[in-house]
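Worksheet: one structure, shown below.
Bear in mind these aren't lab numbers, they're just calculated from the coordinates by the rules spelled out. Please read all numbers here as calculations on a predicted model, not as lab measurements. Cβ: placed from backbone, ideal geometry, glycine included. Neighbour counts: every protein chain shown.
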Amino acid sequence: MLADEATRILNSNHASFDTPQFSLLSDSQIQDIHNSSLELLRDVGVKFHHQQGLKLLEEAGAYVGEDHLVRFPPGMVEEAISSTPGRVVLTDRGGDPAIKLQGTETYFGTGSDTLKYLDPFSGETRKWKTKDICDSYRVIDALENIDFLMSVGMPEDKPDDVSNYQWQYAHMLQYSSKPSVVVCDDREDLESIIEMATTLRESREDLSRRPNLLLYSEPTSPLHQSETALDKLLLMSEAELPIVHSPAPMMGSTGPINMAGELALCNAEILSALVLHQLNNPGAPFVYGAGPHHFDMKNMQICYGSPEFQLTKTAVAEIGRHYEMPTWGYAGCSDAKLMDEQAATEATMSVMMARFSGANLIHDVGYLESGLATSLELVVLTDELVDMTKHMMAGIPVNEKTLMKDRIEEEGPGGDFLGTEETVEHFRDYWEPRFFDRSQREKWKEGGSPTTGDRLNEKVKQIIEDYEPEKLAEEKVEEIMARVS
């Protein structure tokens, strides 16, 4: 009895982890970055090239000087942080909740607006056509672990008198029912996109309650907020639709060479935009995000696959979570020129770091050539990696049932667990790959000795040839296309 009681007391103090644990920055390091950003905002300031924004900031107590330079009292920044919602829900095309940006829940999606397409049928790298972007949206819609889509590519055959971003979004709505992250040129462009999204809802207010889109925009690093970016920021605030206003300075180029300084700069730029966003409409949804990239001095090239980028994007997720805001991240992207070993390695590293960081909305899946090209094979590979890491994040349950002491005693030395009740019940719990081969060499050779790349390519082509997404009603399609300008 004494031994049992001692065990009970010991177990009552036992810490149980549901998932693998990972932390990069300590609370004090995050506070140091926060304080540095507050000092930058107070002492250096940010240039706001927007008259309405300057008026709002000055009336609220910011120091507006010459040349549109705005300096922020720390209390104003802290108030904006406290008024920002800690949770954002994106719905599918029909209005049902699909993505819940909260805590460490993680969702993956593609990137936007690449110039080059790796044609899965010819193998060539070429410019996009409208059919190609529609094919890519169908692939995204078909993949279970890709949760949202961005515009992916810039089709060269769009009508000359039509906005590229409106053209993309009109087709995104038709070829996938998943939530969308959109980009656009200016306020007028964004208004048209919001009108298209509204055709799927009862009203603008209903779209605000059940948003199926989120806007991606950027400041101009270092420490500039452009007129067009702020136009879009204010419109999304007024419409109560979610936005991520994500700086992407390059370390050693448009940002400091040290990672800590880069994070402080990014944070200052995000928070300066957040202040205006919340002044315009307190409580409007805002997602915290940044892309503090490493700049390769040898090749004069931004890097997606560097270990430094994996660290900074993890830090961004931890800082955003410290502020209790939904967060934005990157994964499934590479600096490689083809869907090769480099692409697979960098995609794997980025997906694992995204999982461990707990960033909520992870984009740029499928990017190659540092964001200039898209590979649908890489999108399918990332779908596999997301599924694999989902199993990893389940961790190892340790309890009386899983320790199986009675079964081990029953089998004893030299026993056999193959036919036990527990094995029969649970052997399917283990992750099973779809594109990675575990068979013996003879069986693999009998199947034609396919590489992983071969399997990924076949899957892409099979989806393009056979998969049909849920169709949008014809009258809705006509209404959407009529709003493209």
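Residue exposure proxy: Leu69, Leu54, ordered by other Cβ atoms within 10 angstrom of their Cβ from fewest to most, comes out as Leu69, Leu54.
Based on DSSP H segments of at least four residues, each scored -39500 (n - 2.57), the chain has a per-residue ellipticity at 222 nm of -14000 deg cm²/dmol.
For the chain, relative contact order (Cα pairs under 8 Å, six or more residues apart, normalised by length) works out to 19 percent.
Please give, to one decimal in nm, the separation of the simple spin-label points placed at Val162 and Gln52, each 7 Å out from Cα toward the Cβ. Spacing of the two 7 Å Cα→Cβ label points: 2.8 nm.
With 28 Å as the limit, the listed pairs Lys129/Lys471; Lys129/Lys178; Lys232/Lys461; Lys131/Lys443; Lys47/Lys313; Lys116/Lys476 have Lys232/Lys461; Lys131/Lys443; Lys116/Lys476 beyond it between alpha carbons. Remark: segment 375-383, residue by residue, has Karplus-estimated 3J(HN,Hα) of 10, 5, 4, 5, 4, 5, 4, 5, 4 Hz, where x stands for each Gly or Pro and the curve is 6.51 cos²θ - 1.76 cosθ + 1.60 at θ = phi - 60°. For the chain, the longest principal axis of the alpha carbon atoms and the long axis of helix 164-175 meet at an angle near 40°. Taking only the C-alpha atoms of the chain, Rg followed by Dmax gives 24.6, 84 Å. In plain terms, the residue of Arg428, Arg87, Arg321 with the fewest other Cβ atoms within 10 Å comes first and the most crowded comes last, giving Arg428, Arg87, Arg321.
Between the helical axis of 2-12 and the longest alpha-carbon principal axis of the chain there is an angle of about 30 degrees. Neighbour counts of other Cβ atoms within 10 Å put Tyr367, Tyr467, Tyr165 in the fewest-to-most order Tyr467, Tyr165, Tyr367. Put a dot 7 Å past the Cα of Gln21, heading toward its Cβ, do the same for Glu468, and the two dots end up 5.2 nm apart.
The stretch between Glu324 and Thr254, if pulled fully straight at 0.36 nm per residue, gains 22.4 nm over its current Cα-Cα span. Could you work out how far helix 187-198 tilts from the main Cα principal axis of the chain, as a 0 to 90 degree angle to the nearest 10? For 187-198 against the chain, the angle is about 50 degrees.
Once the Cβ-Cβ distance of Glu144 and Lys298 is raised to the sixth power relative to R0 = 41 Å, the FRET efficiency obtained is 0.55. The calculated FRET efficiency for the pair Lys401 and Ser439, based on their C-beta separation and a Förster distance of 41 Å, comes to about 0.80. Model label sites at Lys461 and Glu446, defined 7 Å from Cα along the beta-carbon direction, differ in position by 2.4 nm. Distance from the alpha carbon centroid of segment 312-329 to that of segment 107-186 works out to 27 angstrom. With the highest mean first, a sort of the peptides 272-281, 303-312 on other beta-carbon atoms found within 10 angstrom per residue produces 272-281, 303-312.
Extension gain, Lys127-Gln342: 0.36 nm per intervening residue step, less the Cα-Cα distance, totals 75.1 nm.
Taking the Cβ-Cβ separation of Ala394 and Ala60 as r and a Förster radius of 56 Å, what is the calculated FRET efficiency to the nearest 0.05? Once rounded, the FRET efficiency stands at 0.75. In segment 343-420, Cα pairs under 8 Å separated by at least six residues give a relative contact order of 26 percent.
A straight chain from Arg187 to Ser82 at 0.36 nm per residue would run longer than the Cα-Cα distance by 35.1 nm. Sorted on the mean count of surrounding Cβ atoms within 10 Å across their residues, most packed first, peptides 351-362, 206-217 read 351-362, 206-217.
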